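The values are calculated or read from the model by the stated rules, or taken from the named source; none is laboratory data. This one's a predicted model, so the numbers in the text were calculated from it and none came from an experiment. Here the Cβ positions follow ideal geometry from the backbone for every residue, glycine too, while neighbour counts run over all protein chains shown.
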Ligand code: MLT
């Protein structure tokens, strides 16, 4: 029988002093280093696992293909979501991560694949902070997210993610049983100090 080949992602890993790990997922054009300082500010004790998206759009890394702004290649998204979940499972072994304490923190494209992980591989994450996320896909069968904490930090004036889309995502995750907090702030698509501070406080309430 052939062993499954390891799922490789270029990534950064920083050991923390607590048993929580933040899975940091960058936005389009980012890389594995992008969110490390934000991750450290969000939880100074957590380990940080930060993969680089493998899809290149005009040379810019992403986590899955899109056909146009906000129009996703669903087949690719599904495949890449499972690939990322497999990578996380392998990182659990490699870095002795507590699998039950992995929180995704994703921005934009990274938030969208984190939402897709929740919807397609519900066991992979203990919780998720989705910064400027939109509905990535609607699964045929809703997962059982059974109280999984999810924070959505969205912008009232986001030209890429209209607030109505954030509300739909909150509704979808809530219908699946997640414990969703949706915060619409007076901002656009870019992260603000408020985004980081509210996310830090949300994480601190869930040690
Ligand atoms: C982006 O530019 O990354 C989009 O807003 C989100 C996405 O394409 O997933």
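Annotations for the structure displayed:
- Test: residue 49 is part of a strand (DSSP E or B) and either in contact (Cβ under 8 Å) with a residue 24 or more places away in the chain or within 15 Å of the ligand (Cβ to nearest atom) (or both): yes
- So residue 126, is it touching a residue at least 24 places away in the same chain (Cβ under 8 Å), within 16 Å of the ligand (Cβ to nearest atom) and touching a helix residue (DSSP H, G or I) at 6+ places or on another chain (Cβ under 7 Å): no
- Only one entry of 60, 117, 23 meets the criterion of being within 16 Å of the ligand (Cβ to nearest atom) and touching a helix residue (DSSP H, G or I) at 6+ places or on another chain (Cβ under 8 Å), and that entry is 117.
- Scan of the stretch 156-194 for residues that are buried (at least 18 other Cβ atoms within 10 Å of the Cβ) and more than 15 Å from the ligand (Cβ to nearest atom), ordered by number: 170, 172, 173, 176, 178, 180, 182
- Note on the stretch 31-46: residues that are under 14 Å from the mean Cα position of the chain (by Cα) and crowded, with 22+ Cβ neighbours inside 10 Å total 2.
- With respect to the conditions (1) farther than 19 Å from residue 100 by Cα; (2) modelled with pLDDT of 95 or more, residue 49 falls short on a single one, namely (1).
- The stretch 58-77: number of residues that are within 19 Å of residue 134 (Cα to Cα) and surrounded by 14 or more Cβ atoms within 10 Å (Cβ to Cβ): 11
- Some residue of the stretch 10-19 being at negative phi, surrounded by 16 or more Cβ atoms within 10 Å (Cβ to Cβ) and in a helix (DSSP H, G or I): no
- Residue check for residue 138: within 16 Å of the ligand (Cβ to nearest atom) and surrounded by fewer than 16 Cβ atoms within 10 Å (Cβ to Cβ): yes
- Subset tally (residues that are within 16 Å of the ligand (Cβ to nearest atom) and on the phi > 0 side of the Ramachandran plot) for the stretch 75-113: 1
- Some residue of the stretch 184-200 being within 18 Å of residue 78 (Cα to Cα), in contact (Cβ under 8 Å) with a residue 40 or more places away in the chain and touching a strand residue (DSSP E or B) at 6+ places or on another chain (Cβ under 6 Å): no
- Strands (runs of 3 or more DSSP E) wholly inside the stretch 56-143 containing at least 2 residues that are in contact with a strand residue (DSSP E or B) (Cβ under 9 Å, 6 or more places away or on another chain): 60-62, 102-107, 127-131
- Residue match in the stretch 103-120 (condition: modelled with pLDDT under 95 and farther than 15 Å from residue 27 by Cα): no
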